[in-house]
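The structure appears right after this line, and notes come after that.
The values are calculated or read from the model by the stated rules, or taken from the named source; none is laboratory data. Bear in mind the structure is a predicted one, so any value in this text is a computation, not a measurement. Here the Cβ positions follow ideal geometry from the backbone for every residue, glycine too, while neighbour counts run over all protein chains shown. These area figures cover heavy atoms from the full protein model, side chains too; ligands, DNA and RNA do not enter into them. Shrake-Rupley method; radii C 1.70, N 1.55, O 1.52, S 1.80 Å.
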Amino acid sequence: MDIQEFFDLLQKYALNDENYKKWREIHGKAFGDIFLSAFQQSQEAQLHLTAALIRISKRDFQGGLTILLMLENACIDDFDCFAIFYFIGLCYEFLENEEQMNKYYEKMAEYDEDAQFLVAFHPYYRTAKLAQRKSENKKALKYYKKALGLYLGNETNTGKKENMGQIYYDMGTVCLSCHDNAKAWEYIEKSIKYSPAENPQRNYVTAILCATEGRMDEAHELVDGLPDYLKANCQQIISSLADGEGK
């Protein structure tokens, strides 16, 4: 048996293996069409893409990246290019390599493809979140804005609107921590515009914003509607603002 026959046999086994099918289902739920529709004309490339994402899910980011970089040469159509640039960019994002992350996300954005991202795996989102946790507020806003930039002129999809609502909410929390209340209100209002469904975390932030402006009745009304896991902490912050401690 030569090398090609061996690979063909291995591929046939893998494609029919229940474990492989389970991983395809898991990654399909996480990434949607950008994973499931990639490399439709090549089962071999699909197999390698799945293997790369299995490694990434096990936090072997470098191992996953090695496979993904090889798949650049396997692209047949625009969607394949769009998908592989996304996954390479995401892998570099996990590795916190901003230069390469930006390079591949920018290459991805050159393709006019209508893909839906789960917000946890949204381009630039993890980088923005990490910067926010480190109080690197300018950097956080920069990458949240880059994430939003992928939707300009293409905001009709419900899932995209929900992502935009989440990102605007995150931007509002950054501005609140910077004591830029005007911007915080602007972003919270945009969050509500794109994602009007009830959001306890957003109500928590809104209550604090109301309190900073002395609108205590509105603040307390919002606090009363919060779930228990948010209510006590928010009430404490509002009380400190009422007493002048938070000003």
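For the chain, what does the relative contact order come out to in percent, with C-alpha contacts under 8 Å and a separation of six or more?
Reported relative contact order: 10 percent.
For region 131-229, what does the relative contact order come out to in percent, with C-alpha contacts under 8 Å and a separation of six or more?
For region 131-229, the relative contact order is 20 percent.
Return the Rg/Rh ratio of region 117-165 with Cα-based radii and a Kirkwood Rh.
1.00
Which angle from 0 to 90°, rounded to the nearest 10, does the C-alpha axis of helix 181-194 make with the longest principal axis of the chain?
50 degrees
If packing is taken as the average number of other Cβ atoms within 10 Å across a peptide's residues, how do 202-209, 29-36 rank, most packed first?
Ranked by mean Cβ neighbours within 10 Å, highest first: 202-209, 29-36.
Under a 1.4 Å probe, what is the accessible area of the chain per residue, stated in Å²?
Result: 54 Å² per residue.
Got a number for carbon plus sulfur as a percent of the chain's accessible area, 1.4 Å probe?
49 percent
Between L152, L95, L65, find the one with the highest GNM mean-square fluctuation for the chain; connect C-alpha pairs within less than 10 Å.
Judging by the Gaussian network model, the answer is L152.
To the nearest 10 degrees, how steeply does helix 18-31 sit against the main Cα axis of the chain, on a 0 to 90 scale?
Once rounded, one gets 40 degrees.
Calculated from DSSP H runs of 4 or more alone, at -39500 (n - 2.57) each and per residue, what is the 222 nm mean residue ellipticity of the chain, nearest 500?
Taken over the chain, the calculation gives -23000 deg cm²/dmol.
When you count, for each residue, the other Cβ atoms within 10 Å and take the mean per peptide, how do 109-122, 131-144 rank with the highest first?
Highest-to-lowest ranking by the protection proxy: 131-144, 109-122.
Please give every one of the lysines within straight-line cross-link reach of K22, meaning a C-alpha to C-alpha distance under 24 Å, and leave out same-chain neighbours fewer than 8 residues apart.
K12, K58
How fast does region 28-100 diffuse by Stokes-Einstein, in µm²/s, taking the Kirkwood radius from C-alpha pairs at 4 °C and 1.567 mPa s?
Rounded, D is 108 µm²/s.
Sorting check: for 96-104, 229-237, which peptide has the highest mean count of neighbouring beta carbons within 10 Å, and how do the rest follow?
Those peptides, ordered most packed to least, come out 96-104, 229-237.
If you put +1 on each Lys and Arg Cβ and -1 on each Asp and Glu Cβ, how big is the dipole of the chain around its Cα centre, in Debye rounded to 20?
640 debye
In degrees between 0 and 90, to the nearest 10, how far off the longest principal axis of the chain does helix 137-149 point, with axes built from Cα atoms?
In the chain, helix 137-149 runs at an angle near 60 degrees to the longest axis.
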